[in-house]
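Right, one structure below, let's go through it.
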Amino acid sequence: MSQRPEYALALHGGAGVRPGRDYAPVEAHLRGLIAAGEAMLKDGASALDTVEEMTRQLEVSGMYVAGRGASPNAAGYVELDASIMDGARRKGGGVAAVRDLVSPINAARTVLEASACVLLVGQGADEFCKQAGLARVEDPASWYRLPVGVQACEASQSELYHGTVGAVAMDRGGRLASATSTGGVFGKPAGRVGDTPLIGSGTWADDQVAVSCTGLGEMFILAAVAHDIAARMRYGGQTLATACDEALAQVKALGGDGGVIAINARGEIALPFNSGGMKRASVIAGQATQVAIT
Ligand code: ASP
């Protein structure tokens, strides 16, 4: 068995790439971000801190369908979902249908660290975040913007257009963590929650694997994708790549599409998708950084 690398990291900016669009700014952003994440891990940051920070930066960039890049739901306001999981401690935290938080992933981490709950939703989550002093969006009208290259009119034409951001990491101590954050699908009804904030559907981490999903959330919930990958490895002895491919095949069979980023305790990474593309970047210590869209 080969020796595990010192650290490894993967990011995604969501499935749902549109043909013909110029994704050069997104590629440049992902490249800069993965370099920053690699520096954190090299310096000894935990996998958990690293995936939280990567996801926060993806959220506040406004370039993806998460955080600042989210668009309003059918009722005209933005509702956001996020979750984070620490594989070493088997602890998770999530928020769903929250409004006007600068960083939903910071809120998910706060639920993980400072509450006895795993998931807080709606008004109660908003109240928890206020009491925790998390930064709020002061002026929603000027804060939110659609992700790069997406016009509001196009978005409303395609109710299936969606996006998410996420990160998975293995740190120098061999600990695994994952984080996922989303604005959901364009035109979603108020109160709609997808897979992203659900531990086991959109996000999972244990001592063997960490997963962050993107795609049509309803199908990812019905296939319990993130935990299905972990279970295929733990109980079925599948490799990381096979487990990811077969879990995604379940999504396809249900009529959905999307992708996952996943990392195992050997520092191996899988980034499969069955959508048109998935904005993604990865690095394994000592190897070249990979950035790709299609
Ligand atoms: N999974 C997200 C959701 O359904 C959307 C996406 O990843 O594109 O909310």
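The values are calculated or read from the model by the stated rules, or taken from the named source; none is laboratory data. All figures in this text were calculated on a predicted structure; none of them were measured in a lab. Quick reminder, even Gly has a Cβ in these numbers, built from the backbone with ideal geometry, and neighbours come from all protein chains shown. Accessible surface areas use protein heavy atoms only, side chains included; no ligands, DNA or RNA. Shrake-Rupley method; radii C 1.70, N 1.55, O 1.52, S 1.80 Å.
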**Prompt:** Taking the Cα centre of the stretch 241-283 as the origin, how large is its charge dipole in debye, to the nearest 20, when only Lys and Arg (+1) and Asp and Glu (-1) carry charge on their Cβ atoms?
**Reply:** 140 debye
**Fill in**
Rounded to the nearest 10 degrees, the helix 225-236 long axis (Cα) sits at an angle to the longest Cα principal axis of the chain of 20 degrees
**Extended-chain gain in nm, criterion 0.36 nm per residue less alpha-carbon gap, residue 292 and residue 241** = 16.6 nm
**Message:** Computing the accessible area with a 1.4 Å probe over protein heavy atoms, can you report the carbon and sulfur percentage for the chain?
**Reply:** 50 percent
**Request:** Multiply the residue separation of residue 89 and residue 190 by 0.36 nm, subtract the distance between their alpha-carbon atoms, and state the gained length in nm to one decimal.
**Result:** 33.0 nm
**Message:** Taking the Cα of residue 39, stepping 7 Å toward and past its beta carbon, and measuring to each backbone N in the stretch 59-78: which are under 19 Å?
**Reply:** 59-61
**Request:** Subtract the Cα-Cα distance of residue 22 and residue 285 from 0.36 nm times their separation in residues, and report this length gain in nm to one decimal.
**Result:** 91.7 nm
**Asked** Quick one: putting +1 on the C-beta of Lys and Arg, -1 on the C-beta of Asp and Glu, what dipole do you get for the stretch 212-294 around its Cα centre, in Debye to the nearest 20?
**Response** 180 debye
**Fill in**
Checked the stretch 3-99 with the C-alpha gyration tensor, a ≥ b ≥ c its square-rooted eigenvalues, rounded below a/c of 1.5, otherwise prolate if a/b is larger than b/c and oblate if not; verdict oblate
**Asked** Cα to Cα, under 23 Å, and not fewer than 8 places away if on the same chain: which lysines meet these conditions relative to residue 279?
**Response** 188, 252
**Asked** If you count the DSSP beta bridges with both ends in the chain, what percent of them are antiparallel, to the nearest 5?
**Response** 95 percent
**Prompt:** Where nothing but the Cβ of Lys and Arg (+1) and of Asp and Glu (-1) is charged, how large is the charge dipole of the chain around its Cα centre, in debye to the nearest 20?
**Reply:** 240 debye
**Request:** Positive end of the charge dipole of the chain (Lys, Arg +1 and Asp, Glu -1 on Cβ, about the Cα centre): tell me which of 193, 121, 226 has its Cα farthest that way.
**Result:** 226
**Asked** Going out from 0 in 10 Å bins, what whole percent of all Cα-Cα distances in the stretch 76-132 drops into each bin?
**Response** 28, 57, 14, 2
**Fill in**
Mean accessible area per residue over the chain (1.4 angstrom probe, all protein chains present, square angstrom) is 38 Å²
**Prompt:** Stokes-Einstein at 37 °C, 0.692 mPa s, Kirkwood radius from Cα pairs: D for the chain in µm² s⁻¹?
**Reply:** 181 µm²/s
**Request:** Give me the angle, in degrees from 0 to 90, between the Cα long axis of helix 240-253 and the longest principal axis of the Cα atoms of the chain, rounded to the nearest 10.
**Result:** 40 degrees
**Asked** Anyone know which of 71, 178, 83 comes out most mobile in the 10 Å Cα GNM of the chain?
**Response** 71
**Message:** Tell me the angle of helix 24-42 to the major Cα principal axis of the chain, expressed in degrees between 0 and 90 and rounded to the nearest ten.
**Reply:** 50 degrees
**Fill in**
Once 139, 126 are ranked on solvent-accessible area with the largest value leading and a 1.4 Å probe, the list reads 139, 126
